[in-house]
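Trainee: For reference, the structure I am asking about is given below.
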Amino acid sequence: MKNFTFTLIHVILIGFFISKSNHLIAQVTVPNHTYNLGGKINLMKLTDAGVVIVANGDGLVGIKPNAKEPHFNFKDYGKVKPEELEFVPMSPYLVVSQGGFMTSKKSVIDFISGKKLFGTEENNWKVTNRCDVMLPQNKLVVLGMRKGGAMAVGIYDLATGKEEGLVELNDPKKVTVGSSIPQFSGRPVIVGDGLLVPTTKSLMRIDVANGKVLWSNKDVDDITWITADPTGKEIYTFEERQNGDTRIHKISSTGTILWEKERKIKGKVSRFEILPQGLAVVSDVDNSGKSGLAKLASSASESKIAFLNAADGSDLWEKAPKTKGYIQHFYILEDGILFGLFEGGINKISFDGNPLFKKPLKTGENIHTMALTPKGMIYITDTDADIINLKSGESIWSKPIKYKKAKSVSSAYDKEHKRYLISTGEELVAIDENSGDISTLATFEFKGKESPSKVIMRKEGILLSSEQNMMMLGFDGKQKFHEFYKAPGKSAAGAIFAGVMGVASVAMSAATAAEANQHRNSLGSYTSYGESLMDSSRDFAVAASASFAEMGKRFKATAATQNYQFILTKLDNGIGLVKVSKDTGKVEKEIVIEDKKPEYEVDEIGGFLYYQSNDKTIQAFDLKI
């Protein structure tokens, strides 16, 4: 899916005319649907599900692809501002928050079905500190204050909206000192059949089925986040301190303390993996804001790796590997841990703490890619690339591939010719998969100070593309066409760049946010642009509901406009959107707009353009025609 966001005035009917260069005859363009929404529009967002959400002066509106009318219109809170919306990644849920500190209101909407599943007012909440969607359990957990004054935890079934449990943590009728009333300190989590809730006074476990408190441990408090082993019997809690360090506690599913002492970790824990051999911990130390004695007393700004005994939290390694930088990639393999640094460098260490590479691998800065190939692991940085043997860390070729520091890096695998193609921004480098022989396949210059953001293998050749440029190269590197469409203005161009996401990148970013459904520490196989889209459909199957099923179907579908790129530019009749063939470079459709800073959304999967023609109206155009 490709998202664009701007502000459009209105669409002009285009007459037939012969365009310059290799453009085809432009088509007369009229909207397929027009939605008059009433209130003034302040947000239009295309969701992963293909539903367009519009916030306006009257409330919140949902529009489905090719629908004649909006399928829901939420007016409970009146005008809704963009900052009051929270889209839950990889789900059909939208949380609407409104009100001041002591009168906050929240509603949860399934924007695919259009149903309101939860509202604070209907459920007797005065203030909500947290309102968390739990997947794949499909539950909503609410932490806050009841209208009667008690701090409470509520559990709701998102399939039905029914309240399944409610626990009040204090008696509001009894006089208590403010500091003695428990406050919520972090995100709750469902482990097995229990809900773990961290507060400033304790950690408690609540039975999800009936809402009863199973236990409360006052020795574990101020917890920020929680995780557990696959059995749910061993629970790890993380207490992030004001000085930037972290304390890890371990308790059982019955509330018993399992470590005699909490484990103190320098920095903030960024990765935590529970393995049969022990606990892999990565923490990031940042002392950039410190000075004087405080800076001298603190650790260097870098990532630290520890491997702990799960039984007592002690170190299993006599000496942890030095990083001298921040870990950008971190993967758990069968025989050890592989990691790459942002500053450059890749290393691998066994679970018993021994180096597995003959020596740490030196690489360029900013490792864009670390992925498996049939020959070994490929890495690509700003200045070099290589495929290495994961057992020894040595190159499978005679030496690493080095190139001039890239303006921007994008790559693809040419299966037909068994080679890797890397765009450095000014040249396309070809690397023979078997020999490692490197050659410059093509040199090029994109206009408008752009560099290719994608390298895409097509039947007709190799497509390099950016926001305003499209270039097709033959498999021999010879240029077949280069089309450039000047951006309508600096401000608009900047907005375009900020708002654009390709189909694959949207799926990947959403998956990253849904950490519960991803193994982000697993080394994946190298894939070219767009190949991960169908795989992402599995992530929408985390909950059994019609809305999740609808999202899954959408991401299994082939993008309706996969053979075209849509570019905003200045046309003879005004600012417009051009539909350009990826294989020929020819314009097959133009939609002319009067405004220089249009606001619209392009749904590449569904094949629709949603376009704000004035401050109260959205128009939809079928791009497949």
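Read the figures in this text as sums done on the coordinates, not as results from a lab. Predicted, not measured: the structure shown is a model, and the values here were computed from it. Here Cβ is always computed from backbone atoms with ideal geometry, including for glycine, and neighbour counts include all displayed protein chains.
Trainee: Test of the criteria: in region 329-384, which trypsin sites (Lys or Arg not before Pro) are in a DSSP loop and have at most 10 other Cβ atoms within 10 angstrom of their Cβ? Walk me through the intermediate numbers first.
Mentor: On the way: sites: Lys348, Lys358, Lys362, Lys375; in loops: Lys358, Lys362, Lys375.
Taking region 329-384 and a limit of 10 other Cβ atoms within 10 Å, the loop trypsin sites (Lys or Arg not before Pro) found are Lys358, Lys362.
Trainee: Using the Cα gyration tensor of region 231-356, with a ≥ b ≥ c the square roots of its eigenvalues, what is the shape: rounded (a/c below 1.5), prolate (a/b larger than b/c) or oblate (neither)? Intermediate results must be reported in sequence, preceding the final value.
Mentor: Values: a/c = 2.14, a/b = 1.16, b/c = 1.85.
Because a/c hits 1.5 or more and a/b fails to exceed b/c, region 231-356 counts as oblate.
Trainee: Quick one: if the Förster radius is 25 Å, what FRET efficiency do Asp622 and Gln562 give, using the C-beta to C-beta distance and rounding to 0.05?
Mentor: It comes to 0.95.
Trainee: Hey, another quick one. Report the label-to-label distance for Lys405 and Ile257 in nanometres (one decimal), using points 7 Å from each Cα along the Cα→Cβ vector.
Mentor: Taking the simple label geometry, Lys405 and Ile257 are separated by 5.2 nm.
Trainee: Please compute the net charge surrounding Asp110, taking Lys and Arg as +1 and Asp and Glu as -1 over other residues with Cβ under 12 Å from its Cβ.
Mentor: Charge balance in the 12 Å sphere: +1.
Trainee: Tell me whether region 122-261 comes out rounded, prolate or oblate; compute the Cα gyration tensor, take square roots of the eigenvalues as a ≥ b ≥ c, and use a/c under 1.5 as the rounded threshold.
Mentor: Note, shape of region 122-261 comes out oblate.
Trainee: Mind giving me the FRET efficiency for Lys391 and Asp286? R0 is 30 Å, r the Cβ-Cβ distance, nearest 0.05 is fine.
Mentor: Once the sixth-power term is evaluated, E becomes 0.30.
Trainee: Just subtract the alpha-carbon distance of Asp335 and Lys115 from 0.36 nm times their residue separation and send over the number in nm, one decimal. Can you show the working numbers first?
Mentor: Working: separation 220, 0.36 × 220 = 79.20 nm, distance 4.87 nm.
Full extension of this stretch gives 74.3 nm more.
Trainee: Just to confirm the filter: which trypsin sites (Lys or Arg not before Pro) across region 130-166 are DSSP coil and have at most 16 other Cβ within 10 angstrom of their Cβ?
Mentor: Those satisfying the criteria are Lys147, Lys162.
Trainee: DSSP loop (so not H, G, I, E, B), at most 13 other Cβ within 10 Å: list which chymotrypsin sites (Phe, Trp or Tyr not before Pro) in region 49-143 pass both filters.
Mentor: Listed in order of number, the matching sites are Phe101.
Trainee: Compute the length gained on full extension between Ala209 and Phe484: take 0.36 nm times their separation in residues and subtract their Cα-Cα distance, giving the result in nm to one decimal.
Mentor: Here the segment from Ala209 to Phe484 would lengthen by 93.0 nm.
Trainee: In nm, to one decimal, how far is the Glu83 label point from the Ala159 one, both placed 7 Å along Cα→Cβ?
Mentor: 3.8
Trainee: Return the distance in nm (one decimal) between the two label points of a simple spin-label model at Leu372 and Ile274, each offset 7 Å from Cα along Cα→Cβ.
Mentor: Taking the two extended label points, one gets 2.4 nm.
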